[in-house]
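Everything on this sheet refers to the single structure shown next.
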C-alpha cells in the first residue's frame, strides 16, 4: 500500500509566509493591517472588468500581456521588451529567484524587510544573508557587498519601516555589485523618488512594481518588473506560459493609463500620512518618517502586542510582528481620514 | 561598470515552452489550435465577474481561495483541505515540481504528452525520463516504475493524442509506485471516466484540473489539485501567498456550481467530436479515438505541415507539432458545428 510521497527536505523545514489577517465577508473591521490603498480602483479599471467580452474569457490570454507591456512602455518611457508581467509582484520575485539563483547560492537583503524574501529563497534551497540596516535606515552597502551574494533584494520604500533609500545610494551599490540588484518598488507610488532611471542606465538593476498598493487592485494580482531586455527574455522562459489572466491584463492597463486618478489617491494618502504621523506623535508614539502608505510606530511603553489586541477588540486591525526589533512597534496602514480618525479614537486615552 | 548579471545555466540552456498561436484582436480566424471550449462560459461565472465589488478588488484575496475550496469539496465529495487552487493548472504543476522534486531527481512521464512537463523540470534542474507509450496508447507501467523517478506525471486524457487510460490501470501503477503520481485531468470533462476515486483511496495520487477547457475560462487562469491533505499543506507553503485573484475565485466557484451548464457544453463537444472524427475518416485521415476535446489525425499522405499552412491561409488554425512521431499529424480542437463545418470545407477536395 503506497504511503504519502516524500516532500523535499527544504520544503518540510520551511516556515510558510504568513499573510496578514483578512476579515471574512461582512465583518465590520477598520482594516489597516495589509497596506491596501484605502480608495477604490480607477473607474476605468472597473469598467474594463465589467465590460469583459466572454470570448476573451474563453480563450487563452496573451502569454506576455502585450497590451500591458505597450502601455507600461509608454507610461514609463522604456521599451516593451523591458517589461515582464506577473501574477502579483510576488510572482516576479519568485521568477527572479528561479532565474538568477542556483541552489546553494546566496541572496542578501537588508533586514528587517519584506518577510517573503527568505521564504522564497528557502523554498529553492538558496542561502540568505540578512544584513541589518545601518543607523537611520541607511543601506548597508559594504556589508551587502561582502556577503558573497549573487543577488541582492531590497524594498524601497522598505517594509515594515516605510523608509526609503535615495537613488544615488542605490546607484553606488549597483555600480560596485556584479550580481543582480532587485529594487522592490511595491510602495514607490507614495514616495518622492524612484529608481527607474537606474534601470535605464545599469544592466544589473531591476525594479519591481505592483498594482496592489498604488492602484488599489490587491485583489487583481498584477505586478511587473522593468529590467534590461535580455534579463526579461530569460525570466520569460521561467514563468508559467500564461501567468497573467485576461481580465487583469485589461484592468491593469486601464489603471496604469489613468495616472491622474491614481495620483489623486497617492496625494490623499500622503496628506493623511502626515496628519496621522503627527497625531500619533502627540500621543507618545515614536513614528519613523514614512515614504510608503503605512507608518511604523513604536508604542508608548513598548506595549505593542497589548495595543494590537486592544485595537482588534475595538474593530481596528493593524499589523504586529512578534520579531526582534519589531516587537515594540505596530505597522499601521494609512487609511481614509475617517478610518484614521477611528484608529485614533480607539487608542487608549 | 556592471554587466548583465549571470543567468542560471539550466535556464540559459532551456528551450521555452511554446504556446499555441493566438490571433490578435479582430482577426477573423476559426481557432481550433489550443483546445479551448467553443462555447461561452457559464452565465453565472460572467455575472460574478460583471458584478464585482470594487472593495473586493482593493483588498487582498483569500490566500487559499476558501470560497472555491468549499465549493469544490461539495461538488467532488472530498474535504476542503484536499483542494489546492492555482493560477491555472500550469501553476499547480510548477508547485508540484517544486514541492516534491529536488534538483537532480527524476521526473518520468509517458511520451508524447503535454510539452510543459520537461520545461518545468529543466527550469528546476530535474532530470526527465520520457517513456514511450505502449501500443494502443497504453500506460507503460513497468518502464515508468523502472525509471528511478521520484514523481510520475501523466495527462489523462493525454495530449496531443486524446487517448485515456482507464482508472484501473492508473491504480495498478499507483499501487506499485512509492513516489508521487500526478494525473493531469485537464481534459477529463470530455471523458467517460476520471481518477477522483483513486485520490480518495491512495495517498500518493494527485489529480489536477483546470477551468481552461471544460469550463470555457482559459482567459481566467484557474486550476486546482485534489490530493491528500498533508500534501496540500506542504504545497501551500511553496505557492505564492495570494496566487489566485479575487475575480477568478468568484468566477470559478460560480462556474463549478453550474454543473448543468458545463455538462451541456461537454455533451455538445462530444457529439461534435464523433461527427468530426467520422467526417475526417471519410476524407482519408486516420483519427485516434479521442476522450478529449480535440482529435489527433494522421493526414492523408502524411503531409501535415502542408495542410497546416493551407488551412491557416484559409483562416482555419489547427496545431502542428514538428516532432518525431507527430510530424505527419494535426491536432484539431473540436469546435462548434459551424466551426467544424468550416474546417471540413477548407480541406482540399
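Each reported figure results from applying straightforward, stated rules to the coordinates on display, with no laboratory input. Keep in mind that what you see is a predicted model, and the values were worked out from it rather than measured. Glycine gets a Cβ as well: all are built from the backbone with ideal geometry, and neighbour counts include every protein chain shown.
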Here the convex hull volume per residue of segment A:43-257, taken over Cα atoms and given in Å³, is 112 Å³
With R₀ set to 60 angstrom, the calculated FRET efficiency between the beta-carbons of residue A:201 and residue B:134, to the nearest 0.05, is 0.55
Taking only the alpha-carbon positions of segment A:1-105 as identical scatterers, the Debye log10 I(q)/I(0) at q = 0.11 Å⁻¹ comes out as -0.70
A student applying the Cα gyration tensor rule (rounded when a/c is under 1.5; otherwise prolate if a/b is larger than b/c, oblate if not) would label segment B:103-178 oblate
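For the protein assembly as shown, give me the percentage of DSSP beta bridges that are antiparallel, rounded to the nearest 5 percent. Could the numbers behind the result be given before it?
Numbers: 35 of 73 bridges.
The antiparallel proportion sits near 50 percent.
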When chain B is treated as a Gaussian network with springs between alpha carbons less than 10 Å apart, the largest mean-square fluctuation among B:152, B:56, B:126 is found at B:56
Chain B: relative contact order from alpha carbon pairs under 8 Å, six or more residues apart, as a whole percent, is 24 percent
extent check for segment A:58-130: Cα max minus min per principal axis, descending, whole Å, gives 38, 31, 19
Shape descriptors of segment B:219-317 over alpha-carbon atoms, Rg and Dmax in angstrom, are 19.9, 53
The base-10 log of I(q)/I(0) that the Debye equation returns for segment B:179-253 at q = 0.16, 0.17, 0.24, 0.27 Å⁻¹, one scatterer per C-alpha, is -0.66, -0.74, -1.20, -1.26
Taking alpha-carbon centroids only, segment A:104-153 lies from segment B:315-332 a number of Å equal to 48 Å
One would report the antiparallel percent of DSSP beta bridges in chain B, rounded to the nearest 5, as 45 percent
Expressed in angstrom and rounded, the centroid-to-centroid distance over alpha carbons for segment B:1-74 and segment A:32-98 is 11 Å
By the mean-Cβ-within-10 Å protection proxy, highest first, B:231-237, B:255-261 rank as B:231-237, B:255-261
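Give the average, rounded to an integer, of partner chain Cβ atoms located within 10 angstrom of each Cβ in B:33-43. Present the calculation step by step, with values, prior to reporting the outcome.
Values: counts 0, 3, 1, 5, 2, 1, 2, 5, 4, 1, 1.
Counting other chains' Cβ atoms within 10 Å and averaging over B:33-43 gives 2.
Convert 4 °C to kelvin, take the viscosity as 1.567 mPa s, use the Kirkwood radius over C-alpha pairs of segment A:148-220 as Rh, and evaluate the Stokes-Einstein diffusion coefficient in µm²/s, rounded to a whole number.
On the way: Rh = 12.7 Å.
For the chosen part, D equals 102 µm²/s.
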Among the Cα-Cα pairs of segment A:234-275, the proportion with separation greater than 16 Å, in percent, is 60 percent
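What number, rounded to the nearest 500 deg cm²/dmol, is the helix-based mean residue ellipticity at 222 nm of chain A, given -39500 (n - 2.57) per DSSP H run of at least four residues and division by all its residues?
-11500 deg cm²/dmol
Give the percent of DSSP beta bridges with both residues in segment A:87-182 that are antiparallel, rounded to the nearest 5. Write down the numbers at each step before the final one.
Details: 1 of 12 bridges.
Of all bridge pairs located within segment A:87-182, approximately 10 percent are antiparallel.
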Rh (Kirkwood, all Cα-Cα pairs) for segment A:148-289, Å, reads 16.9 Å
Inter-chain shielding metric for B:8-16, i.e. average beta-carbon neighbours from other chains within 10 angstrom, reads 4
With the convex hull built on the alpha-carbon atoms of the protein assembly as shown, volume per residue in Å³ sits at 147 Å³
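Report, as an integer, the average count of C-beta atoms from other chains found within 10 Å of each Cβ along B:231-239.
5
What per residue convex hull volume, in Å³, comes out for segment A:287-331 when only alpha-carbon positions are used? Before the final figure, lay out the partial values.
Working: hull volume 3.2 nm³, N = 45.
It comes to 72 Å³ per residue, whole-number rounded.
Could you rank the peptides B:60-70, A:311-321, B:220-230 by their average count of other C-beta atoms within 10 Å per residue, with the highest value first?
Working: B:60-70: 21.1, A:311-321: 18.7, B:220-230: 24.7.
In descending order of packing, they fall as B:220-230, B:60-70, A:311-321.
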